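Report on the following structure.
The values are calculated or read from the model by the stated rules, or taken from the named source; none is laboratory data. This structure is a prediction, so every number in the text was calculated from the model and none was measured. Cβ coordinates were reconstructed from backbone atoms using ideal geometry, including for glycine residues, and neighbour counts include every protein chain displayed.
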Amino acid sequence: MEPLVTAEALAGRLASQGVVILDARMGQDARRRYDEGHLAGALFVDVERELSGDASDPSRGGRHPLPDPAVFARAVGGWGIGPDVPVVCVDDAGGAKAAARAWWMLRALGHEAVAVLDGGLAAAVRAGFALVTEPGVALPRGAYPGSAWTLPRVDMAAVEGRGSRMLLDVRGSARFRGEVEPFDPRPGHTPGAESRPYEDSLDAEGRFLPRERLRARFADATRAIFSCGSGITACHGLLAMAAAGLPLEHAALYVGSYSEWSRSDRPIATGD
């Protein structure tokens, strides 16, 4: 599967083959929003409990650390996903938030047949999809046959010792500059990071830019480290790279991201 799927292509897939749709929304009211309307058959994925591990100490791993891969493999099997099952991840933020995280985690577990709905739930509604309130029903199977993360990740020590390797911060520009900080204790960014806001990879309707424009935007990032607030939206940058046809084998996710860095005694930079 290509990393992105249009709403129109998703309609064709649903008519011809079994597809598991994972609805991965963020926020304290994510479940309520899912209950109020989602794609038929979509399964709700809890970002805090299923796409994250123990976040009781965000100074070690950030606010959304990865779960143990074996634990995630059991959750994936519980959703009815095996190596032969196509998966589409959806959110209500144009794929910019937890849909990209779910996509990256599945890819990192070894699952190739996974895509993100380009433009998210809004694109599906524009394409004529009806939203339903009945919860999706999974057809559980055994744990997915993956026991380790296979895509590159780095920790805080590796970020600190990265040398000339690029560190791309995909948070909004105001958070990067330190003008606002709604979640973490010290506003600003990791010294030496480059601001590469995720919104700049999307058009006015929340869909990803054409491949050529994404390739131009990330052609220099094939060995970069991607960072955000807590390791969720950084996956959006990695998804954009994949959508541009660039390899993921060397681009790394800094899972702890700024939520971990800002809680350490390491220096903080502000401004551009």
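The table below lists the values:
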{"quantity": "The range 38-54, residues that are touching an Asp or Glu at 6+ places or on another chain (Cβ under 8 Å), closer than 21 Å to E134 by Cα and free of Cβ contacts under 8 Å to residues at least 60 places away in the same chain", "calculated": "V45"}
{"quantity": "Subset tally (residues that are within 21 Å of W104 (Cβ to Cβ) and out of contact with any Lys or Arg (no Cβ under 7 Å at 6 or more places or on another chain)) for the range 25-38", "calculated": "2"}
{"quantity": "Within the range 187-202, considering residues that are under 19 Å from the mean Cα position of the chain (by Cα) and in a strand (DSSP E or B), the one farthest from G119 (Cα to Cα)", "calculated": "S195"}
{"quantity": "Subset of the range 52-83 [within 16 Å of the chain's Cα centre (by Cα), small (G, A, S) and closer than 28 Å to G18 by Cβ]", "calculated": "S52"}
{"quantity": "Selected residue (criterion: modelled with the lowest pLDDT) from residues of the range 1-29 that are closer than 19 Å to C235 by Cα and hydrophobic (A, V, I, L, M, F, W, C)", "calculated": "M1"}
{"quantity": "Subset of the range 114-144 (residues that are surrounded by 19 or more Cβ atoms within 10 Å (Cβ to Cβ) and part of a strand (DSSP E or B))", "calculated": "V114, A115, V116, L117"}
{"quantity": "Filtered residue count, the range 206-223, keeping only those that are in a helix (DSSP H, G or I) and out of contact with any strand residue (DSSP E or B) (no Cβ under 7 Å at 6 or more places or on another chain)", "calculated": "7"}
{"quantity": "G95 on the phi > 0 side of the Ramachandran plot, modelled with pLDDT of 95 or more and buried (at least 18 other Cβ atoms within 10 Å of the Cβ)", "calculated": "no"}
{"quantity": "Selected residue [among the polar types (S, T, N, Q), out of contact with any Asp or Glu (no Cβ under 8 Å at 6 or more places or on another chain) and under 23 Å from A108 (Cβ atoms)] from S164, S201", "calculated": "S201"}
{"quantity": "Answer residue from the range 197-253, given it is touching a residue at least 40 places away in the same chain (Cβ under 8 Å) and charged (D, E, K, R) and is farthest from P187 (Cα to Cα) among those", "calculated": "E249"}
{"quantity": "Scan of the range 188-241 for residues that are surrounded by fewer than 24 Cβ atoms within 10 Å (Cβ to Cβ) and on the phi > 0 side of the Ramachandran plot, ordered by number", "calculated": "G188, G192, G206"}
{"quantity": "Qualifying residues in the range 154-165 (those that are surrounded by 17 or more Cβ atoms within 10 Å (Cβ to Cβ) and in contact with a strand residue (DSSP E or B) (Cβ under 7 Å, 6 or more places away or on another chain)) - the one farthest from G78 (Cα to Cα)", "calculated": "R162"}
{"quantity": "Where a residue in the range 254-272 is farther than 12 Å from T233 by Cα and its partner, wherever it lies, is of a type in the set (G, A, S) and assigned to a helix (DSSP H, G or I), with Cβ under 9 Å and at least six apart", "calculated": "D272/S173"}
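For (1) part of a strand (DSSP E or B); (2) modelled with pLDDT under 95; (3) out of contact with any helix residue (DSSP H, G or I) (no Cβ under 8 Å at 6 or more places or on another chain), each residue gets a yes or a no:
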{"residue": "A99", "(1), (2), (3)": "no, no, no"}
{"residue": "W104", "(1), (2), (3)": "no, no, no"}
{"residue": "E112", "(1), (2), (3)": "no, no, yes"}
{"residue": "G146", "(1), (2), (3)": "no, yes, no"}
{"residue": "R162", "(1), (2), (3)": "no, no, yes"}
{"residue": "R165", "(1), (2), (3)": "no, no, yes"}
{"residue": "D184", "(1), (2), (3)": "no, no, no"}
{"residue": "A204", "(1), (2), (3)": "no, yes, yes"}
